[in-house]
Amino acid sequence: MNLIFLGPPGAGKGTQAKITSKTYGILHISTGDIFRKAVADRTELGKQVKEIMERGDLVPDNLTISLVKERLTEDDVKQGYILDGFPRTVLQAEKLAEFQRIDAVINFRLSKEEIIRRLSGRRICSGCGAIYHITDYPPEVPGICDKCGEKLYHREDDKVEAVEKRLEVYNKQTEPLISFYRKRNLLYDIDSSINPENSEQQIMKILDEINK
Ligand code: AP5
């Protein structure tokens, strides 16, 4: 099963991708995580994308497409995968369709006010990548991951100015993908406003229906 998780920043794609990948035994591929690791490791790619990401812009299509294309040639993708955060432009979606079959696109829906609230409170583990929220899903010890004991951090692009920019970029460049995939009968909407358990139930219902 090859899936795409589509939606605005902070809509819950990463949280659900971690759960769905465990439940269905499929890979979770996040372009944002790949880029953040490159920045943290100070690789050549990291140097190219650091500033772009911090201000909330998109990494250029040619770079992103070739990175995903290469990742999808590895053996572990045969078990199926979730693309979290890719495609993000119509060109990325068109190129992906040239070399991959996609079974479903899950479209996460959430209001702008709630996106800003969630992202300003989000904290991420620097060790295992677990996702928290300072008031909704706080760790037992503030600033420390319950799962691995490493420090939590606030993403540079989760500051309000960068979030506003990411939302503007989403509306202009990524939202057109909703009609792109709806036309191809691949799009399934979920309401991401309730809680993670509820989103998980909605996704399982869709995937179980597809797998019948
Ligand atoms: P990326 O890392 O993909 O960021 P994003 O799409 O903006 O998504 P986020 O990670 O911010 O949010 P999410 O939807 O995963 O939410 P989460 O589950 O954490 O991309 C970052 C950057 O990389 C881009 O800006 C760009 O520069 C570059 N990039 C990446 N891919 C690219 C591409 N294809 N092309 C070009 N550039 C690219 O949840 C958020 C918070 O809400 C958490 O605190 C969580 O605990 C809480 N929460 C989650 N679900 C719920 C729920 N149902 N109810 C209540 N709270 C919830």
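Read the figures in this text as sums done on the coordinates, not as results from a lab. On a predicted model such as this, the values are computed, not experimentally measured, just so you know. Ideal geometry is used to build each Cβ from the backbone, glycine not excepted, and the neighbour counts take in all protein chains shown.
Quick notes
- q = 0.14, 0.16, 0.23, 0.25 Å⁻¹, segment 95-142: log10 I(q)/I(0) [Debye, one scatterer per Cα]: -0.59, -0.68, -0.86, -0.92
- Between segment 185-202 and segment 1-52, the alpha-carbon center distance in angstrom: 19
- Each principal axis of the Cα cloud of segment 168-212 was evaluated for its coordinate range; sorted largest first, these ranges are 32, 26, 9 Å.
- Highest to lowest packing among 134-146, 62-74, scored as the average C-beta count within 10 Å: 62-74, 134-146
- Largest-first ellipsoid semi-axes for segment 99-173, taking √(5λ) over the Cα gyration tensor eigenvalues, angstrom: 26, 18, 12
- In terms of the mean number of neighbouring beta-carbon atoms within 10 Å, the peptides 108-115, 178-185, 121-128 order highest first as 121-128, 108-115, 178-185.
- For segment 6-89, the equivalent ellipsoid derived from the alpha-carbon gyration tensor has semi-axes of 22, 16, 12 Å in decreasing order.
- Averaging over all projection directions, the Cα-based convex hull of segment 54-114 occupies 5.7 nm² in the image plane.
- Loop trypsin sites (Lys or Arg not before Pro), segment 10-66 (other Cβ atoms within 10 Å of the site Cβ: 11 or fewer; DSSP): Arg42
- For segment 1-156, the average shadow cast by the Cα convex hull is 9.6 nm², which is a quarter of the hull's surface.
- Net charge, Pro138 excluded, C-beta distance under 15 Å - Lys, Arg +1, Asp, Glu -1: +3
- Segment Val90-Glu44, length gained on full extension (0.36 nm per residue, minus Cα span): 13.9 nm
- Estimated [θ] at 222 nm from DSSP helical runs (n ≥ 4, -39500 (n - 2.57)) normalised by residues in the chain, nearest 500: -14000 deg cm²/dmol
- The fraction of all Cα pairs in segment 118-158 landing in successive 5 Å bins from 0 to the largest distance is 6, 31, 35, 22, 6, given as whole percents.
- By the Cα gyration tensor, segment 68-199 has an equivalent ellipsoid whose semi-axes, rounded to whole angstrom, run 29, 20, 15 from largest to smallest.
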